[in-house]
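Undergrad: Below: one structure in structure tokens.
Bear in mind that the values in this text are calculations on the coordinates, not laboratory data. Keep in mind it's a predicted model, so treat the numbers as computed, not measured. We place every Cβ from the backbone using ideal geometry, glycine too, and count neighbours over all the protein chains shown.
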Amino acid sequence: MQHDLTSKPAPLGLALQGGGSFGAFTWGVLDRLLAEPSVPLAAISGASAGAVNGVLLADGLLAGGREEARARLTRFWRLLSDWSGMAGLPVLGSVLALADFPVTPFGFGFSGPDPLKELLGDLVDFRRLRSERPLPLLIAATHVTSGEARIFREDEVTLEAVLASACLPLMREAVEIDGEPYWDGGYSANPPLRELMTASEAESLLLVQLTPDHRPGSPRLRHDITQRSLEIAFSAPLKRELKALEELRWLCSQAQSDRPAFCHRLDRLRLHRLSLWEEVEDAGSASPVNVSWPLLSRFFEAGHGAADRWLASGRGVGDTGGLIGVAAAD
């Protein structure tokens, strides 16, 4: 159902985290936002699954508007799950299982079909996306040799850039771009926030979070330790980004005169969050490499419902009351 947004909606920037099949939650959020034509989308930043969802949305907008963007996202996740069923195993590969082996599959020279490459190559016109640029688009990948984030902007986004952003090193060999190797963007910018703030005139940022803020207990089994270590690695960049934004806000509050331009942006900026872990109680029992349709559908419905309630609450609509840290957001 569409909500009566009586106030003028603030331009909305989307910050999309990575998280494998948990990205179906983001798909649900985006599907609901795209169904609300009165909510203007200002910019997108993403890493890994967030980058995949972001380019599908952006190219869909170019191809046929918001309804086509919804259709592209649905087609991708459906086909990804179908591919898994035909292969008889998770097409994203089992990172947790591979962690037990000293040699990666590509270390043996094995090169099987890459469904992500095939599906994105079929569904996204990257040449058009770079030339027509429907909105600012920031895709994060991690430079292997330096460990630093590289942010690919809308005029740089290629199939290789998105594959690099979603390249988990135990599953795929590093993606080479301009002679340099890249791994998953989740290690370094998951997702880019400060760059998103400066890339557009968005007055509200919506963070779609797929990593948990905290997990009780101390894992003891190899599988659980591996999973938790990946969660920590992928959540650390977001925590750094949020801390940096809070420090910038504090510095701006201390400035008496000649305030930098970014301080005025921070005064107006509103940060909101929709988290998979707050919507799906047993998310910890699911694997981010499981792309079975029942699980993807469940995550989609959770994201769709979360976005619907967020829109119904009026948050982000004419809401420019200042930055909120994620811990206190929504």
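Undergrad: Under a Cβ-only charge scheme (Lys and Arg +1, Asp and Glu -1), can you give me the dipole magnitude of segment 188-234 about the Cα centre, in debye to the nearest 20?
TA: Taking the Cα centre of segment 188-234 as origin, the dipole is about 440 debye.
Undergrad: Nearest 20 debye, what's the magnitude of the dipole of segment 164-314 about its Cα centre given +1 on Lys and Arg Cβ and -1 on Asp and Glu Cβ?
TA: Around 420 debye, computed over segment 164-314.
Undergrad: Could I ask something else about it? In nm, give the distance between the simple-model label positions of Asp155 and Arg222, each being 7 Å from the Cα along the Cα-to-Cβ direction.
TA: Once both label points are built, they end up 5.0 nm from each other.
Undergrad: Pop a pseudo-label 7 angstrom from the Cα along the beta-carbon direction at both Arg130 and Ser229 and give the gap in nm to one decimal.
TA: Inter-label distance under the simple model: 3.7 nm.
Undergrad: Considering every Cα-Cα pair within segment 184-322, what fraction, in whole percent, is farther apart than 18 Å?
TA: Above the 18 Å cut-off, segment 184-322 has 65 percent of its Cα pairs.
Undergrad: Continuing with the same structure: Which FRET efficiency value, to the nearest 0.05, do you get for Ser285 and Ser257 by plugging their Cβ-Cβ distance into 1/(1 + (r/R0)^6) with R0 = 56 Å?
TA: It comes out at approximately 0.55.
Undergrad: Under the Kirkwood approximation for Rh and a Cα-based Rg, what ratio Rg/Rh is obtained for segment 159-243?
TA: For segment 159-243, the value is 1.03.
Undergrad: A further question follows. How much of the calculated P(r) for segment 119-179 lies past 19 Å, in percent of all Cα pairs?
TA: 30
Undergrad: Normalized C-alpha radius of gyration of segment 211-252, against 2.2 N^0.38 Å?
TA: After normalising by residue count via 2.2 N^0.38 Å, the value is 1.54.
Undergrad: Using Stokes-Einstein with the Kirkwood hydrodynamic radius over Cα pairs, what translational diffusion coefficient do you get for segment 105-255 at 20 °C and a viscosity of 1.002 mPa s, in µm²/s rounded to a whole number?
TA: 123
Undergrad: For segment 237-318, which semi-axes, largest first and in whole Å, follow from the square roots of 5 times the eigenvalues of its Cα gyration tensor?
TA: 36, 17, 9
Undergrad: Mind giving me the nanometre distance, one decimal, between the label points for Arg194 and Glu148, set 7 Å out from Cα along Cα→Cβ?
TA: 1.3
Undergrad: Quick one: length gained pulling Ser297 to Lys239 fully straight, 0.36 nm per residue minus the C-alpha distance?
TA: My answer for the length gained is 18.0 nm.
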